[in-house]
Amino acid sequence: VMLVTHEQGVTVRRPFSAAANGSLAADLKKLEKLAARGALRHDHFRRTVETLQAVGCDGASQVARAYSEEVSNDAKMTLRALETVVESLAGIEGRKVMLYVSEGVPMHSGEDMFRLVQELCGGSSVFEAPDLASSFRRITRLANANGVTINSLEATGLRVFSGALAEENPLPID
């Protein structure tokens with residue numbers, strides 16, 4: 001089993017080989033000590049919400065669009081790196097298993113921000129984030145063609161978008 005993580009790029013934490021040192025459980029335990037990328041994403045989201053509050057509903061769509069582009073660029077970089085890792089396994093005979101540990105890669109980058117703008121400002125927010133489904137399908141086809149099974153482990157657990165963030169915030173958007 002190859003163990004791959006993502007922190008500002010894809011990192012192979014446990015190479016694919018029959019003679020990998022130590023247990024997979026021990027390697028996963030080491031990941032607890034890494035800086036939490038999910039916390040950085042949450043902080044980025046929180047700062048963007050603060051920016052929304054500062055600009056109000058008139059500038060909210062532009063802020064959401066900028067946030068969406070940043071998240072999309074990060075997701076595209078991650079998917080390109082995963083594709084490279086899968087391609088590098090093509091020359092190894094037999095079935096291969098890659099365990100990818102991350103805080104997730106959004107299928108629709110920035111959708112959460114557009115929904116928040118719609119919830120806080122009313123009306124209909126035009127969701128403009130790119131759909132990365134074709135990139136996911138390309139990686140899946142490449143993995144299948146090269147005998148690579150990709151398992152992913154969500155490091156932050158389940159996340160649910162809700163209006164709770166807006167309710168917890170003492171500074172509503174005017």
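The values are calculated or read from the model by the stated rules, or taken from the named source; none is laboratory data. None of the values given here were measured: they were computed from a predicted structure. Neighbour counts are summed over all protein chains in view; Cβ atoms, including those assigned to glycine, are modelled from backbone coordinates with ideal geometry. Heavy atoms of the whole protein, side chains included, go into the accessibility calculation; ligands, DNA and RNA do not. Shrake-Rupley method; radii C 1.70, N 1.55, O 1.52, S 1.80 Å.
Name the residues in the range 73-109 that are part of a strand (DSSP E or B) and touching a His at 6+ places or on another chain (Cβ under 7 Å), would you?
Across the range 73-109, the qualifying residue is only S102.
For the range 122-141: of the residues being assigned to a helix (DSSP H, G or I) and buried (at least 18 other Cβ atoms within 10 Å of the Cβ), which is modelled with the lowest pLDDT?
Among them, the one singled out is S135.
Do we find a residue being at pLDDT below 85 and in a helix (DSSP H, G or I) anywhere in the range 9-24?
Yes, some residue in the range 9-24 is at pLDDT below 85 and in a helix (DSSP H, G or I).
Based on what the data block shows, is A66 at pLDDT 85 or above and farther than 16 Å from S152 by Cβ?
Criteria met by A66.
If H108 passes every condition in (1) over 16 Å from L132 (Cβ atoms); (2) touching a residue at least 24 places away in the same chain (Cβ under 8 Å); (3) open to solvent by 30 Å² or more (accessible area, probe 1.4 Å) but one, which one does it miss?
Exception for H108: condition (1).
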